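Okay, structure first, notes after.
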Amino acid sequence: MKKIKYALAILLPGAALLILLAITSSKKIDIPKTWDMEEIKRFHLHPPNRNVKVKYVPEDIYYNLKEFVLYKNYPLYVKEYEPENYQDSLASLAPEIAVDFSKLVTEEDWIKAGKLVFNMPASLTPANTPLFLDSAFINLTGLEMLPDGEYPYGRYVQTPEGLMRGILSCASCHTKVTEDGELIEGGQGDFIFDRQFGFIVERFSIPIPPDPDGSVVFAPWVDYDERFKKWTSKDQKLALKAIPPGVMVRQGGGVISPIAIPSLFGIKDIKYMDRTGLMKHENIGDLMRYAAFNQGLDMFNKYDDYIPMSGFESHEQITPEEEWSHPFGYANRRYSDEQLYALAKYVYSLEPPENPNKFSAELLERGEVIFAEQGCVTCHPPPLFTNNKLLPATSDFEIPEEDKQELDIFNISVETDPFLAMKTRRGTGYYKVPSLRGAWMREAFFHNGNLASVEDVLDPARLEESYVPTGFKPHDLETMAVKGHPFGLELNKEDKSALVAYIKSL
Amino acid sequence: MPKSVFTLILILFTFAVSAQEKDQVNLVSSEVSFVIKNAGINVDGSMEGLTANILFNPKKPQKGSISGTLDPATIKTGIGMRDKHLKNEDYFDVENYPQIKMQSNSLRKLQGNQYEGLFTLTIKDITREISLPFTVTEENDQFIFDTSFEINRQDFGLGDDSIILSDMVKINIRLTGTP
């Protein structure tokens, strides 16, 4: 008895101290530093050409940039659906800051704030500039809107400078609208930004420079194919118009290699971000860095002497005042570390919608067996349905020694088109194995989104030059083989349907 | 070394070889297959290009010896790209190690047509001693050697830890030869 009392006397104050510590430390959240040069060098992969020296924007210059101010923002409607006097009523409101980050305490607080950051447009233009967003345009482009006429890819923002129309939030590209008009935040985006842009530049004869001279795509170490060298400004427009929902031009890949948009569900478990595994994902800070790079800063990566952002020759030119000329229209601003932390928390919290597919247990069992027999399971193993590894994009890519140490490589190429991985600024020499979770709700497959369904991935006809891609098909090609990934192509009809069912159940 | 001793060894050696030459078994055909579990499913594979040097007399197995080589570049598992992967440096690294080698150190009879051999098995640059049971049946004036044994692929640097692919590989070899 005495012994127990003695133990309690020691344990109780100890426990009290621990609880106290837990309480105080839960209040003070340790927000990682986004622009930490050591971390950036660890997380950002090198271009496939090892001779290229890459320099990132220095820390002090980054933190000297002005932060985005997260003003309260409001839905944007297709013209005919906009409530009467809507814009005037918004314009009469006082600008209001949406979140006080110093007041956030719980995980839920941060997630809620993150949702606002996710929806915060990065690019603002005054609301009274002309907008082509009417039903005619919607019908022409096939753009999805919500049942009440809301256009979920942009917002109105009331700022001290007046009412603005904003686009290019994370939500602009990472929101899906289903056929039933349901909005899925974090699903494979279906905003046809490029097609819309193509229509606009065509309709108003806006001149745009032919790629690959444009800063969106040019990689100085690449020798471009004749096919692209011949592209004119007109090709540029046609190229943009050829890009279907689920696929998007991203800076660094450009119109010559648009990319399938990923769904963000379950991203927390994914070790490499982007199809080419360009950025490692080892901690929440990496996701924050990912957002910072992709919302403008990667245009300032210096490749030897080349900075993609036109008009910039050195990092010293980057000041809070110096305007950016990003073709995507980003402001010369950065997110605050708090905004990015909240954003990352929100992205981690995204939950996929319920899978509406119902398959018989027998069919799924058969499908699972075929999935194993055909070797799919080696690269797409449960529970993530990816082995989280990088594969050389082509057998010709010689894996550098340091990569063998630093990266998780599965050393066989599936020999899909190597262009994105080898000849663009998003390139690393590798493609990652994409997760098959949620494939049932996606409409763009393989890195360029050339295929529109799981069935098409398993269709041997796609290997023929006479194939017409069901997803992204470049405007200047009538037909094209969607080569590589030669798995599961030879199955009989029953086995193939079982395999497709299994994949669509994940 | 004095010349006479050297000559003696030489004579003895030649004698030993010629004494065994009549036990030479000439290889007529061979089959090498293996089975490994991948995600709970058996994957069957095969290899070709076997060469063997067999000295075997069922009455004096301890005097015999069996050695052979196998060409890992001939590996087939039914999926072309998987075969290609198995040939690269993560697995057989066929460019640097074009042969798998096996060499008996001792052979002995167990009972009936059952025997046991201690072999050194070399895959890539890793050599290990394994003990394997085999049977020898005589059919139409031919010897048929059959063996089936398991190895741990990781003991020979074949691939990494995997929750999908099992470590143990079952190997079946059948050799047919004429005495």
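The values are calculated or read from the model by the stated rules, or taken from the named source; none is laboratory data. Worth saying up front: this structure is predicted, and the values here are computed from it rather than measured. Glycine also receives a Cβ, built like all others from the backbone with ideal geometry; neighbour counts cover every protein chain displayed. Accessible surface areas use protein heavy atoms only, side chains included; no ligands, DNA or RNA. Shrake-Rupley method; radii C 1.70, N 1.55, O 1.52, S 1.80 Å.
Brief remarks on what is shown
- Take A:Lys432: with every protein chain present and a 1.4 Å probe, its accessible area is about 40 Å².
- Pairs of Cα atoms farther than 18 Å apart, segment B:25-178, %: 58
- Using C-alpha pairs below 8 Å separated by at least 6 residues, the relative contact order for segment B:25-178 is 25 percent.
- Solvent-accessible surface (1.4 angstrom probe) belonging to A:Met480, in square angstrom, nearest 10: 40
- For segment A:68-146 versus segment A:428-506, the spacing of their alpha-carbon centroids is 36 Å.
- Taking Cβ atoms as reference points and 14 Å as the exclusive limit, the residues near A:Ile370 contribute a net charge of -3, counting Lys and Arg as +1 and Asp and Glu as -1.
- Projecting the Cα positions of A:Ser336, A:Ile412, A:Ser123 onto the charge dipole of the protein assembly as shown (unit charges on Cβ atoms of Lys, Arg, Asp and Glu, taken about the Cα centre) puts A:Ile412 furthest along the positive direction.
- Tensor-based shape of segment A:63-187 (alpha-carbon gyration tensor, a/c under 1.5 rounded, otherwise prolate or oblate): oblate
- Just the protein heavy atoms count here, and of the accessible area of segment B:25-178 at 1.4 Å, carbon and sulfur take up 47 percent.
- When the Cα convex hull of the protein assembly as shown is projected onto planes of every orientation, the mean area is 48.1 nm².
- Ellipticity at 222 nm from helices only: DSSP H runs of n ≥ 4 in chain A, each -39500 (n - 2.57), divided by the residue count, give -9000 deg cm²/dmol.
- For segment A:451-506: rounded, prolate or oblate by the Cα gyration tensor [a/c cutoff 1.5]: prolate
- Residue (of B:Val94, A:Pro58, A:Ala421) at the positive-pole extreme of the protein assembly as shown, dipole from beta-carbon charges: B:Val94
- Charge dipole of segment B:25-178 about the Cα centre (unit charges at C-beta), most positive-ward option of B:His85, B:Thr178, B:Asn57: B:Asn57
- Volume per residue of the convex hull around the Cα atoms, evaluated for segment A:37-349, comes out as 141 Å³.
- Spread of Cα-to-Cα distances over 10 Å intervals beginning at zero, given as percent, for segment B:135-179: 25, 33, 21, 17, 4
- Solvent-accessible surface (1.4 Å probe) assigned to A:Asp403 amounts to roughly 10 Å².
- Chain A and chain B together bury an accessible surface of about 1300 square angstrom, both sides counted, with a 1.4 Å probe and no ligands or nucleic acids included.
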